[in-house]
2 protein chains.
Amino acid sequence: MRVEVINIGSELLFNKINTNVNLISKILISSGLKISKCTIVGDKKEEIKESFEESFKKSDLIIVTGGLGPTFDDVTRESVAEVLNRKLLFDEKIWEGIKEKFKKRNILEVPEINKRQAYIIEGSKIIENKNGTAPGMLIEENGKIILLLPGPPNELEVMLEEGLNYIKEKLKKTKLITKIFSIIGIPESEVETKLKDSIEKLKENLIILAHPNLIEIVLTLPETEEDIFYEFEVKMKNTFGINYLGVNVPSIPELIGELLKTKKLKLAIAESCSGGLACKLITDIPGSSEYFMGGFVTYSNILKKKILKVPKTILRKYGAVSEETAIYMAKNAKKYGKADISLSFTGIAGPTGGTPEKPVGLVWIGVCSKKNLYAKKFIFTGDRKTIRERAVYKGFELLREEILKDEGKD
Amino acid sequence: MRVEVINIGSELLFNKINTNVNLISKILISSGLKISKCTIVGDKKEEIKESFEESFKKSDLIIVTGGLGPTFDDVTRESVAEVLNRKLLFDEKIWEGIKEKFKKRNILEVPEINKRQAYIIEGSKIIENKNGTAPGMLIEENGKIILLLPGPPNELEVMLEEGLNYIKEKLKKTKLITKIFSIIGIPESEVETKLKDSIEKLKENLIILAHPNLIEIVLTLPETEEDIFYEFEVKMKNTFGINYLGVNVPSIPELIGELLKTKKLKLAIAESCSGGLACKLITDIPGSSEYFMGGFVTYSNILKKKILKVPKTILRKYGAVSEETAIYMAKNAKKYGKADISLSFTGIAGPTGGTPEKPVGLVWIGVCSKKNLYAKKFIFTGDRKTIRERAVYKGFELLREEILKDEGKD
């Protein structure tokens, strides 16, 4: 099945558009599909029509995202309808739904302009939009499938998955299976060197994705090749030991949540340089209240003293970015957070604030459990965002190891 | 001048490719150029030829990146040469340069395969590659310009700038200026309704972008049209008053940082349902330690009681998600956070935990300043992630208004 993606949006703000291409690519991979070509065009009707016509000619699945908003420059509906020679029909039910959504936001008078979003391409199946007002559409024509989806990533993600679900039967014909193998705490180049022979052999079917502190190897094979999957998994286990997380594992914060639940442990986090990122990632997971007590974002030294009771003498003697401070932060986050295990971060995220002794990128990560209390020093490279992400994911790696060591609650 | 970009690389590693699209877009904007269309294709010769032919037909500047490496799947040189009907010529000087680069890396025997990189399209101007081995090429044909550049971002960046430098004279003719106008707290459709006439008039030059709780209007005009920019700005001020943030303003967290610095105020945040997201966004900004004291991620009720001293009776009588709790959280975040102004969030982010009285999406946002203490009720729609984002950005909107009311520190 040949897949093309057309991304409609601003010619200028490619940032937003790229989030979408990544997202779509990831979701398609997990359905065993590859993107053959991706086109990014502005909100001009002629451009959209031309790009869509090209993709429609050559591909079996065409995903068009963006340009379904209410405003004048949202012309995806019209463009696709014109190419397919279908009418745009006003859908009373969708209009009622849109009005309902505005009512929930306490806007009683829905702008007339939003009526544009209630127009549906004749004969299309509607994909409901739970996170916004623009409905998605699934159109079949000449055995080909067209998915029209809105641009905002949070709307797009759910709706693309739902759209793919509708065409599950068609996808089955391609009989590809994708498995994702995850490795934590080992750099990409080392993973590549250690897997050299397998990578060479499976070149056409394999992708390596590098995230902060996590490597994902995406292997796509025909379903008849179960043996190769099995061999590859054995190889991964033998090569990476405890750093190998498994096949199709959930995200690191989810994984930690599962472990904490299994061991019946409660978590608390103390953050300085990471400024809430670790707490945010842990609470991204639904149901995290089951194991997450809370966090102390002691960004200023005053709060390190007042809230986390890091002794003034420690701060004066060793500084906020030190082994001693990280240890106090972890210890007291556990104590005052009423938790069984805790994590702390204190460092210099940059871009300024570094010194020759304590450079930008220096982060002390503390861990406190029933049996252990320690802090480890790291120097991360990259910009502020990258340093913060790398620090937090490194902390999660230490946390995971510590939870695995724990025998659980008595 | 119409510009198209063709990005050649793996069909799957969109992560890497997107970095390039962002980079190219950024460099072009600073030269007053817009990308009209961007195509991402894999390393297949037929695909590359077809995409290049299309772009060449329609555009004045065609930037082709990637596929200039030494390996068998790098076929950009051949593909472009075939479409232009030009020869590939071996360039002895480039080959010597490649050998020199390997020598510097202490590799004396240069792989024969690298000879491919010394082949140059007939009649092209060479763009030197200081960070890698693949040279870039600038080709003029029929008054159009083609830039072939390598894929790695660090090579691409410098070479694109050099390439644009060669065609400076041509670029001067179409100098464009882009300004971004931001509006907070007003839905996209209302913005459009209120700006109907201006939008109609500037349709070709204007894009509207919707973010959570923020609308950006991107206006691109020839530099000779300063008057239109000025008129549009006056119109924005008059139409949206306090909701109009200004031209080319920084992000909301940056804006809040600037305001806090100006008024010499310190901020503290108490978070329940938002779980650290507000703190994370505030501390994304370099230098936020100047005005951000810290945050209390009191995710569990125990910590709401123990850390933020929300009275047991309040939690029992009104529940954690209530006006009273939000007010206590804000008040005590200010007090224990040693701050001048504070914000609190308590709500139900979902997907579970909702009741008919307190549905998923219900969030109480509390604000405490020297003169004010209140909480406001909101019902946000969307999934967990969307609800959390909308709540935090709505909180930032209330915070901004409160800071603007403040007369600053005595």
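Read-outs throughout are calculated quantities, based only on the coordinates presented, and are distinct from any laboratory measurement. Note that the structure is predicted; figures quoted are calculated from it, not measured. Positions of Cβ are backbone-derived with ideal geometry, glycine not excepted, and every protein chain shown enters the neighbour counts.
A few comments on the model shown:
- Principal-axis tilt of helix A:45-58 within chain A, Cα atoms, nearest 10 degrees: 90 degrees
- Sorted by Cβ neighbour density within 10 Å, fewest at the top, the residues A:GLU223, A:GLU92, B:GLU271: A:GLU92, A:GLU223, B:GLU271
- Fewest-first sequence of B:LEU281, A:LEU214 by Cβ atoms within 10 Å of each Cβ: A:LEU214, B:LEU281
- GluC sites (Glu not before Pro) within the stretch A:120-157, DSSP loop, no more than 14 other Cβ atoms inside 10 Å: A:GLU122, A:GLU128
- The slack between B:TYR318 and B:THR178, meaning 0.36 nm per residue of separation minus the straight C-alpha distance, is 45.3 nm.
- Distance between the 7 Å Cα→Cβ label points at B:GLU82 and A:PHE72: 4.5 nm.
- Peptide A:263-271 shows a mean partner chain C-beta count of 2 within 10 Å per residue C-beta.
- Residue exposure sequence - A:LEU277, B:LEU61 - by fewest surrounding Cβ within 10 Å: B:LEU61, A:LEU277
- Nm distances between copies for B:SER251, ranked from closest, using label points 7 Å along Cα→Cβ: 1.6
- Highest GNM mean-square fluctuation among B:TYR166, B:TYR328, B:TYR393, for chain B modelled with Cα contacts below 10 Å: B:TYR166.
- Computed E for A:VAL234/B:ASN165 - FRET, C-beta separation, R0 51 angstrom, nearest 0.05: 0.40
- Relative to the Cα centre, the charge distribution of the protein assembly as shown, modelled as +1 at Lys and Arg Cβ and -1 at Asp and Glu Cβ, gives a dipole magnitude of about 4480 debye.
- Debye, to nearest 20: dipole size of the stretch B:252-405, +1 on Lys, Arg Cβ, -1 on Asp, Glu Cβ: 680 debye
- Helix axis angle, A:226-240 relative to chain A longest principal axis, alpha carbon, degrees: 30 degrees
- 10 Å Cβ neighbours from other chains, averaged over peptide B:148-159: 0
- In this structure, the pairs whose alpha-carbon distance is over 29 Å, taken from A:LYS394/B:LYS305; A:LYS237/A:LYS261; A:LYS170/B:LYS58, are A:LYS394/B:LYS305; A:LYS170/B:LYS58.
- Selected from B:ILE242, A:THR224, A:GLY353, residue furthest toward positive end of dipole (the protein assembly as shown; charges at beta carbon): A:GLY353
- Gyration tensor verdict on chain A (Cα atoms; rounded if a/c is under 1.5, prolate if a/b is larger than b/c, oblate otherwise): prolate
- Entries of B:LYS49/B:LYS87; B:LYS385/B:LYS405; B:LYS338/B:LYS405; B:LYS26/B:LYS57; A:LYS235/A:LYS263 with Cα pairs more than 22 Å apart: B:LYS385/B:LYS405; B:LYS26/B:LYS57; A:LYS235/A:LYS263
- Loop-resident trypsin sites (Lys or Arg not before Pro) (DSSP state other than H, G, I, E or B) in the stretch B:162-234 with no more than 16 further Cβ atoms inside 10 Å of their Cβ: B:LYS173, B:LYS175.
- Relative contact order [Cα under 8 Å, 6+ residues apart], chain B, whole percent: 11 percent
- Gain on full extension, evaluated as 0.36 nm per residue between B:ASN243 and B:LEU89 minus their Cα-Cα distance, stands at 49.4 nm.
- Selected from A:LEU214, A:LEU33, A:VAL392, residue furthest toward positive end of dipole (chain A; charges at beta carbon): A:VAL392
- Helix A:252-263 vs. chain A, principal-axis angle (Cα, 0 to 90°, nearest 10): 60 degrees
- Between B:GLU140 and A:THR224, the modelled labels are 5.7 nm apart [label points 7 Å from Cα along Cα→Cβ].
- Residue (of A:ILE48, A:ILE126, A:LEU68) at the positive-pole extreme of the stretch A:1-128, dipole from beta-carbon charges: A:ILE126
- Separation in nanometres of the label points that stand 7 Å from Cα toward Cβ, at B:LYS261 and A:ARG105: 3.2 nm
- Take each residue in A:109-119, count the other chain C-beta atoms within 10 Å of its C-beta, and the mean is 3.
- The alpha carbon centroids of the stretch B:93-113 and the stretch B:176-233 are separated by 52 Å.
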